[in-house]
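Every number here is computed from the coordinates shown, using simple stated rules; none is lab data. Just so it is clear, the model here is predicted, and its values are computed rather than measured. A quick note on method: Cβ atoms are made from the backbone with ideal geometry, for glycine too, and the neighbour counts reach across all protein chains shown.
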Ligand code: ADP
Ligand code: DP6
Ligand code: CO
């Protein structure tokens, strides 16, 4: 190593928003590489409300790779962290800071250890896609630290190996994860369909029904669904490919009626697959079901749909209002049915869809 002493530390901090799928990923064809059984499409959320901030540091004085999540040390021994670290290290390039007299070569990156500190500003493992923001931020921050030259789609294929949904958080706006055909996963990556300015009328409101950690993680839930649900096979082969085309068209044309119909139908089918799993998985609860009824009734009482709803692997509702006026009316309705004094909801989070990645160094 060309560095003059062992006292130096080089650090990078990045911030990455989470994303919520409007056409869901649920099921893998390869568990290790994290290759999905269908394409999926998501909206990247406003980072000021739901995002991960991760600092990665490297120093010759570090004895081993270590990570802290929300202030608590966690083990990096799981295959997912190791796969991401290995892939990023394989793409690392020379870094030179002449002012500090530090030079780290490609070979050095294989020997140096990293320390990672990550913080989610929203509930972790509660069905608000913390694994998506978390692993996207990790891949992005490590990529910056190690001077990785790969583009965001190639980086998304690395984030994917941490958590499937993470590949879509490398981009803002509307994003598609192409399932790919290759057995080695080289073509299973994310592409941006439209940037955050494309459809900026939309307003996203999250009703946090429960911030508690879910009982069944997404990883084990979808494994059980792949093993036992016939509906999942039908959905992946027959339903999703058609829906993806329609969703892309709805996004292109800013067609809210079609967007809303597809988003709600896909969320409901994903939860139907969970019910079709043996033993059945219940991610939604009574409050989630009441929110669906409120949205459905409202949409039916208007000439055109005003809101779309979607639920990930948890009870929390992600509501997408067609514009600011609809979002104000939606909040009024939610407050009427779930007043602040009621125990049914933990909180509301209001934001736009948007992009953000590099929080600076
Ligand atoms: P969620 O619905 O929140 O995505 P998952 O069950 O998919 O829940 O994933 C939760 C797991 O994701 C956590 O147990 C942890 O292993 C990982 N995770 C969450 N946040 C981060 C983060 N900031 N950095 C790295 N990994 C994270
Ligand atoms: C319901 O990406 O969390 O949120 O790849 O095993 O880490 P792993 O699972 P994860 O699954 C997300 C499932 C979902 C739908 C989606 O985000 O598309
Ligand atoms: Co997740």
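Over the chain, with a Gaussian network built from C-alpha contacts below 10 Å, which listed residue (229, 341, 59) shows the highest mean-square fluctuation?
Sorting by GNM fluctuation, first place goes to 341.
Using only helices, what value at 222 nm comes out for the chain when you add -39,500 (n - 2.57) per DSSP H run of length 4 or more and divide by the total residues, to the nearest 500 deg cm²/dmol?
Working: 10 runs with 123 residues, N = 361.
After summing the helix terms and dividing by the residues of the chain, the value is -10500 deg cm²/dmol.
Of the residues 166, 328, 265, which exhibits the maximal mean-square fluctuation in a Gaussian network model of the chain defined by a 10 Å Cα contact cut-off?
Largest GNM mean-square fluctuation: 328.
Relative contact order of the chain: what whole-number percent is it, with Cα pairs under 8 angstrom and at least 6 residues apart? List each step's numbers first, then the result.
Details: 786 pairs, mean separation 86.7, N = 361.
Relative contact order here is 24 percent.
Angle between the Cα long axis of helix 218-228 and the longest principal axis of the chain, 0 to 90 degrees, nearest 10?
Long axis of 218-228 versus the principal axis of the chain: about 60 degrees.
Roughly how many Å is it from the Cα centre of region 112-136 to that of region 206-265, as a whole number?
Measuring centre to centre over Cα atoms gives 22 Å.
Listing 303, 96 from the residue with the fewest other Cβ atoms within 10 Å to the one with the most, what is the order?
Values: 303 6, 96 13.
Least to most surrounded, the residues fall as 303, 96.
If you fit an axis through the alpha-carbon atoms of helix 256-276 and take the longest principal axis of the Cα set of the chain, what angle between them do you get, 0 to 90°, nearest 10?
The angle comes out at about 80 degrees.
As a footprinting exposure proxy, order 312, 108, 344 by other Cβ within 10 Å, with the fewest listed first.
On the way: 312 26, 108 18, 344 15.
The fewest-first ordering by Cβ neighbours comes to 344, 108, 312.
So how do 337, 140, 25 line up by other beta-carbon neighbours within 10 Å, fewest first? Walk me through the numbers on the way to the answer.
Details: 337 15, 140 30, 25 26.
Final ranking by Cβ density, sparse to dense: 337, 25, 140.
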